[in-house]
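Structure first, commentary second.
Computed from the coordinates by the stated procedures, all read-outs in this text should not be read as laboratory data. Here the structure is a predicted model, which is why all the values come from computation and not from measurement. Every residue, glycine among them, receives a Cβ derived from its backbone with ideal geometry; neighbour counts consider all protein chains shown.
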Amino acid sequence: MKRRHFSASLLAAAAPLPARRNTVMHVGGDYHSVAGPEITSRENLEYNLRYGVRHLTAQIRQRSPEGAWDAAELARMRDNCDRAGFVFEAIRMEPDYITMPPGPARDRMLDTIAANIQKASRIGVKVITYHWTVIPIRRNSKTTGRGNVTYAGFRLEDRWQDLPPTKSGRVTSSDYWERISYFLEKTVPVARQFDVKLACHPYDPPGLPFGYQGADNWDSPSIFEAIKRYEAIVESPYNGFQLCLGTVAEGLRNPRTEILPIVRYLGERGKIHQIHMRNIRGGLHNFEEVFPDEGVMDFLEIMRILRDTQFAGSICPDHMPHHADDPRNLQSFAFGYGYLKALIQAVNSEVPA
């Protein structure tokens with residue numbers, strides 16, 4: 001039996017991984033919390049340095065109408081990072097492609113994406129992350145948490161069938177997977193050529209019923225099976241994931257236990273290119289986003305898997321609760337950076353040097 005067909009229960013029962021120190025995984029900062037005018041500004045670089053963060057994932061603000069990244073902006077951001085001792089590690093790609101049906105316009109978009117991969121490679125960026133959103137990310141509730149913060153959440157509507165479709169209209173499961181397959185078949189060879197890894201972020205939240213706002217989302221009904229199907233379309237170390245732990249947990253009935261075999265499966269295959277360390281309360285069809293130390297997932301246990309599978313990328317805090325006194329989430333993300341750095345130190349301290 002091929003390993004990708006192992007069930008979650010079999011993986012959970014697998015032999016423990018040999019404990020090995022991991023000196024290459026690190027905390028990263030990204031576009032979710034930015035001090036100053038932009039991500040490589042002096043203000044934001046100093047903000048990140050205060051919390052020991054030296055790896056960045058950026059969004060590109062200067063794009064042509066066709067989606068082409070501005071080479072001058074990329075070079076400027078790289079130079080800003082170089083001068084301050086940062087690694088310009090990754091770029092978040094816009095999701096325009098996934099809304100496009102087959103045709104010449106879609107092929108032109110793929111040509112643009114291929115050119116953007118080459119531009120990223122030229123400035124030393126090693127990862128491009130992306131998020132396939134045919135319908136917008138879904139949140140429909142707010143609750144109050146510790147210190148009077150606001151937790152964003154989602155509960156599947158009793159009458160979700162009455163929600164109107166988005167501008168994408170009806171997108172069947174066959175449509176979605178055709179678009180994904182065509183993208184991977186065209187872009188992964190380019191990524192391999194230029195040594196840039198492609199990292200897919202799951203749709204948020206996974207597990208929505210087929211037909212929700214007109215879409216049969218690719219990571220429904222089973223997020224684990226969808227991940228295995230996705231990475232098998234083009235088997236390559238350049239076809240992997242921006243593994244958002246909070247998003248994946250939103251598609252699980254028991255996130256505390258069910259997340260562990262998913263992390264191990266992808267970690268052992270070298271298919272995790274970046275981690276979003278977001279915690280939640282709840283699970284499938286009913287959850288809220290909370291601080292990393294108060295959710296249902298055991299991040300210490302997850303960090304041990306990342307340690308022992310020798311994950312080598314960024315671990316980024318993600319989707320922190322909001323407060324009016326912290327409008328740009330700088331306080332909450334500073335807490336996240338410190339929490340993650342402490343977890344890395346803790347799991348490495350368990351292994352003799």
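Odds and ends about this structure:
- Placing +1 on the Cβ of every Lys and Arg and -1 on the Cβ of every Asp and Glu, with no other charges, gives segment 247-353 a dipole of roughly 360 debye about its Cα centre.
- In terms of its C-alpha gyration tensor, segment 33-166 has an oblate overall shape, because the principal axis ratio a/c (a ≥ b ≥ c, square roots of the eigenvalues) is not below 1.5 and a/b does not outweigh b/c.
- Each other residue within a Cβ distance under 10 Å of D298 adds +1 if Lys or Arg and -1 if Asp or Glu, for a net charge of +1.
- Residue of K126, K228, K197 that the Gaussian network model of the chain assigns the largest fluctuation, springs spanning Cα pairs under 10 Å: K228
- Counting DSSP beta bridges with both ends in segment 49-159, the antiparallel % (nearest 5): 40
- Lysine pair count for segment 3-349 (Cα-Cα distance under 19 Å; residues 8 or more apart in sequence or on different chains): 10.
- The local environment of V248, defined by Cβ-Cβ distances under 11 Å, has a net charge of -3 under the rule Lys, Arg +1 and Asp, Glu -1.
- Counting charges near R83 (Lys, Arg +1; Asp, Glu -1) among other residues having Cβ under 13 Å from its Cβ returns a value of +1.
- Positive dipole terminus of the chain, leading residue within M25, P37, G283 (C-beta point charges): M25
- Cα centroid separation - segment 284-345 against segment 33-74, whole Å: 21
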